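*Asks:* Have a look at this one.
Read the figures in this text as sums done on the coordinates, not as results from a lab. The shown structure was predicted, so the numbers you read here are calculated from the model rather than taken from an experiment. Backbone-built Cβ (ideal geometry, glycine too); neighbour counts: all protein chains shown.
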Amino acid sequence: MQKIKLPTKKFSVSFRVFCGLLILFLNLFLIAESDPMPLSNVRYWAYQIQDLDVSGNINKIADSQYDMVVIEPTVTYDPDFNAKNMVSQIKNSKASDGTHRKLVIAYIDIGQAEEWRWYWGNHQTFEEYGQCKTSYINQIRQWAPWVVACDPDGWGGNYPVAFWDNDWKVRLAR
């Protein structure tokens, strides 16, 4: 059996170059693609808490060059709105550098309930009556004991809540 002698120096340089290119390829196309843009690298960001259920708006956000998007996944009148798919679509879209995915941050108001949200359901609303009154709070507390008062800033249809209340936590997590 004849031994084949490979030129050691050339082979090791070529092998190092190959390994370097392989690592670069893996980082650029496989690993970094699933990583969100690090917060310290965010240059462009958006804050979108309205009209997320309007046709085409999620696509516009996903197609944008934002590095980070703050969204409110609960801000829809449609109880069938698929917030999980919305977040997934945005998370799987590219950031401005074309390598990382967008960083998605959810805005959820845990300290305030609003009449127009899904958790209010078909219960009576009082916003159209103007200034909040204690009698409204007493009626609301019959079905929502986590509502504690009228909004101190006078925002009609908004109520501070006992954010530590288990029923409130369950409603928000729905």
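*Asks:* Look through the range 97-124, keep the residues that are among the aliphatic types (A, V, I, L, M) and without any contact (Cβ under 8 Å) to a residue 40 or more places away in the chain, and return whichever of them is farthest from Ile140 (Cα to Cα).
*Replies:* Across the range 97-124, the extreme among qualifying residues is Ile105.
*Asks:* With the structure loaded, tell me whether His123 is crowded, with 18+ Cβ neighbours inside 10 Å and out of contact with any Ser or Thr (no Cβ under 6 Å at 6 or more places or on another chain) or whether it fails that test.
*Replies:* Criteria not met by His123.
*Asks:* Next question. Filter the range 41-51 down to the residues that are more than 12 Å from Asp97 (Cβ to Cβ) and in contact with an Asp or Glu (Cβ under 7 Å, 6 or more places away or on another chain), then identify the one that is surrounded by the most Cβ atoms within 10 Å (Cβ to Cβ).
*Replies:* Per the stated criteria, the residue is Trp45.
*Asks:* Could you please give the count of residues in the range 81-126 that are more than 17 Å from Asn57 (Cβ to Cβ) and of a type in the set (S, T, N, Q)?
*Replies:* 6
*Asks:* Inspect the range 59-76 for any residue being out of contact with any Leu (no Cβ under 9 Å at 6 or more places or on another chain), surrounded by fewer than 16 Cβ atoms within 10 Å (Cβ to Cβ) and under 30 Å from Ala149 (Cα atoms) and give the result as yes or no.
*Replies:* yes
*Asks:* Inside the range 78-174, counting only helices (runs of 4 or more DSSP H) that do not spill past its ends, which hold 2 or more residues that are charged (D, E, K, R)? If you could, list the steps in order and put the result at the bottom.
*Replies:* Working: elements: 83-91, 134-140, 166-173.
Where helices (runs of 4 or more DSSP H) fall fully within the range 78-174 and carry at least 2 residues being charged (D, E, K, R), they are 83-91, 166-173.
*Asks:* Which one is nearest to Val104 (Cα to Cα), of the residues in the range 44-59 that are over 15 Å from the mean Cα position of the chain (by Cα) and of a type outside the set (S, T, N, Q)?
*Replies:* Only one residue tops the list, namely Tyr44.
*Asks:* Let me ask something else. Sort out which residues of the range 130-174 are over 17 Å from Gly111 (Cβ atoms) and in contact (Cβ under 8 Å) with a residue 12 or more places away in the chain, and write them in order of number.
*Replies:* Matches in the range 130-174: Gly130, Gln131, Lys133, Thr134, Tyr136, Gln139, Trp143, Gly156, Arg174.
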